[in-house]
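Worksheet for the structure shown next.
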Amino acid sequence: MAVLLRKVWGSVIARAAAAQPDALPRQASSSPRRRTAPAQAGDYGSLGALDALPIDVLAQILRLLGPADAARSSAVCRTWRLLASDNGLWAFFLRLGPDPWELVVFAETHLAACPALHPGLYYDSSPQLSFKQIYGRRAVVPGSIIVDGGSGYCKYGWSKYAAPSGRCATFLEFGNIESPMYARLRHFLSTIYTRMQVKPSTQPIIIVLPLCHSDDTESARASRKQYKETLYSVLFDMNVPAVCAVDQAVLALYAAKRTSGIVVNIGFNVTSIVPIFQGMVMHEIGVETVGQGALKLTGFLKELMQQRNISFESLYTVRTIKEKLCYVAADYEAELRKDTQASCEVDGEGWFTLSEERFKTAEILFQPQIGGVRAMGLHKAVSLCLDHCYNSEVFGDDSWYKTVVLSGGSACLPGLSERLEKELHELLPAHISEGIRVLPPPFCTDSAWFGAKMISNVSTFTEAWCVKKKQFRQKTRRNGPSFVNVW
Ligand SMILES: Nc1ncnc2c1ncn2[C@@H]1O[C@H](COP(=O)(O)OP(=O)(O)OP(=O)(O)O)[C@@H](O)[C@H]1O
C-alpha cells in the first residue's frame, strides 16, 4: 500500500507541476497552497503529509488503491475510516465490476428479498443503500449454476459468466419436462451437471420454473406444488447445498428492471401472458394463453417456402432463415404493397431469398387465421389481460400493469414491440391504454437466464433467495411436503 501511495503522491505532484510549470521550484513552503504538498517532488519520506491534501485528492487516492486497500485504510484513523466508508467510493468500485451499474442498483434496491420466501420483507422502494456493505457481500456471494429448462430449448451456465455456456434442445433430449417426474427431472439435471463438469454439492442452483398455463384452479395449484416438491427432492437428493426456484416470467421481468408488469412470453409451443405484481404471478387475475409459439412460426414459414418451391434441407434451415430475415410489419396491408425482398446465407446450404414471407410468417401472431390457426390474436389476448388487471382493482397503484415486457426467442423478431403497442392503443379504451409501453425482450432468448443471474449476484442471495437442504428436510419432516407450495 505504501508503495502505491507513494506512486499516487508522485503523480499528484507531477500533475501540480505540469499545471504550474514555473511555480513549483520557486514556491516557499510557507505559501498556503504549498502547505498541502512536500517541498520536493522526490520527498516521499513522510506519509503524514497526506493529511494535508484536499479531500477530493484523498478520495482519488483511495479509488486508485482499489477496494482491498481502501477497506484496510479504514483501520488507520477516524478520518481515513470516514473517507473509506464514503458511498460514492464504493459505488465507484461497484461500477468497475462485471455487472452494469443500473442492474446492480435495481437488484440491490428491489431484489433484496425473494417475495415468495419473505413476503413481509419485500419492498419496492428505494432505501438508502450502503454500497460498502453491498460491495463486501457481493464479493463473497458464491457462484451458482443457472438452469432454464425451456420447453423447446434449455439454457444453462454459471452465474459468473456473461451468458449461458450451454444450450440444448430440451424436447429432443428430455421430452417435455413440464410434466414433472422424479426420474425425468433427475436425468435432466444430472445431464446438465455432467455437461458442465460440476459436482452438484459445490454450488447453489437457480432453477427457472416453467410457466404455468392455467388459471388459479385447484388442479393448477396442485400441479405447481407437485412440480416444486419433486424438483426440491431431486436436487437435495443430489446433495445440492441450496436451491432457488423462480418463475420464468418473473425472471424475464427482472431482466427488464421491473418487478411489476405483464410478461408476454412467446414460448416454444404456446404464448403466455402473465400479470406480475411485485414479483408474484397474479394467478387470481389470470394467465392468458394463446396456442401458438415459435414452433408454429417455423412451421408456417416452412409452408410458405414450400408454396414458392424454395427447397431446404431441414427445419433447422427454416429456423435459421426465420431468425435472419423475418420481422413484424407495422402495418400488414401497407407492407404487402412494398418491395420487401431480402436474402441471407445459411452455412452449407447457400443463399435464400424471401419477399412477403418475411413478415407474413409473424403476422399469424396477430392474424392466426392466415396460418390456418384457430387462436386469439396476440394483441387481443394481451388486451384481455390488461382489462382483467384494470378491473381487479386490488391495488392502489393502477399503473403497475402498464409495462408489457416481451420474452422468448420469437419475441426478438424486429418490430414486434412497436406493432403490439400500436394494436393495444387501437384496441383498448384510452383510460386503460394510456401510458402502456411494450418493451422488447431485454436479452432475447436468454431474458430469464439473465434475470436469474441478477438474483444470483445480489448481496443477500444465499439467505434471502435460497432454500437450504437442512431447511427443506426439517420443514418436510415437520409439516409434510405441502409447505413447499409457499415457496
Ligand atoms: N432473433 C430471433 N428472431 C426470431 N426468432 C428467434 C430469434 N432468436 C431465437 N428465435 C426463436 O426462438 C425459439 C426458441 O425460443 P426460446 O428459447 O425462448 O424457447 P423456450 O425457452 O424453449 O420456450 P418456452 O418459453 O416455451 O420454454 C426458436 O424457435 C428460435 O428460432
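The values are calculated or read from the model by the stated rules, or taken from the named source; none is laboratory data. Bear in mind that the values here come from a model prediction, so they are computed numbers and not experimental data. Here Cβ is always computed from backbone atoms with ideal geometry, including for glycine, and neighbour counts include all displayed protein chains. For accessibility, only protein heavy atoms count, side chains too; no ligands or nucleic acids. Shrake-Rupley method; radii C 1.70, N 1.55, O 1.52, S 1.80 Å.
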Alpha-carbon gyration tensor eigenvalues x 5, square-rooted, for region 207-333, Å: 34, 19, 15
log10 I(q)/I(0), Debye, Cα-only region 289-432, no solvent, q = 0.10, 0.11, 0.21 Å⁻¹? -0.39, -0.47, -1.32
Probe radius 1.4 Å, ligands and nucleic acids ignored: give me the carbon and sulfur share of the accessible area of region 51-138 as a rounded percent. 57
Cα-centre dipole for region 51-138 with unit charges at Cβ (Lys and Arg positive, Asp and Glu negative), debye to 20: 280
Checking the table Lys155/Lys228; Lys338/Lys360; Lys155/Lys302 against a 21 Å threshold on Cα-Cα, which pairs fail? Lys155/Lys302
Please identify every one of the trypsin sites (Lys or Arg not before Pro) in region 330-388 that sits in a loop by DSSP and has no more than 14 other beta carbons within 10 Å of its own beta carbon. Arg337, Lys338, Arg374
If each K or R counts +1 and each D or E counts -1, the residues other than Ala381 whose Cβ falls under 13 Å of its Cβ total -2
Coarse-grained scattering of region 51-138 at q = 0.11 Å⁻¹, given as base-10 log I(q)/I(0) from a Debye sum over alpha-carbon atoms: -0.37
Can you give the three extents of the C-alpha atoms in region 294-371 along their principal axes, from longest to shortest, in whole Å? 35, 25, 20
On the accessible surface of region 215-331, probed at 1.4 Å, how many percent belong to carbon and sulfur atoms? 45
Please compute the net charge surrounding Leu325, taking Lys and Arg as +1 and Asp and Glu as -1 over other residues with Cβ under 9 Å from its Cβ. +1
How big is the dipole moment of region 300-409 about its Cα centre under a simple scheme where the beta carbon of each Lys and Arg is +1, that of each Asp and Glu is -1, and everything else is neutral? Debye, nearest 20, please. 260
For Ser433, Ser190, write out the residues from largest to smallest accessible area, computed with a 1.4 angstrom probe and no ligands counted. Ser190, Ser433
Excluding ligands, DNA and RNA, what is the solvent-accessible area per residue of region 294-371 at a probe of 1.4 Å, expressed in Å²? 51
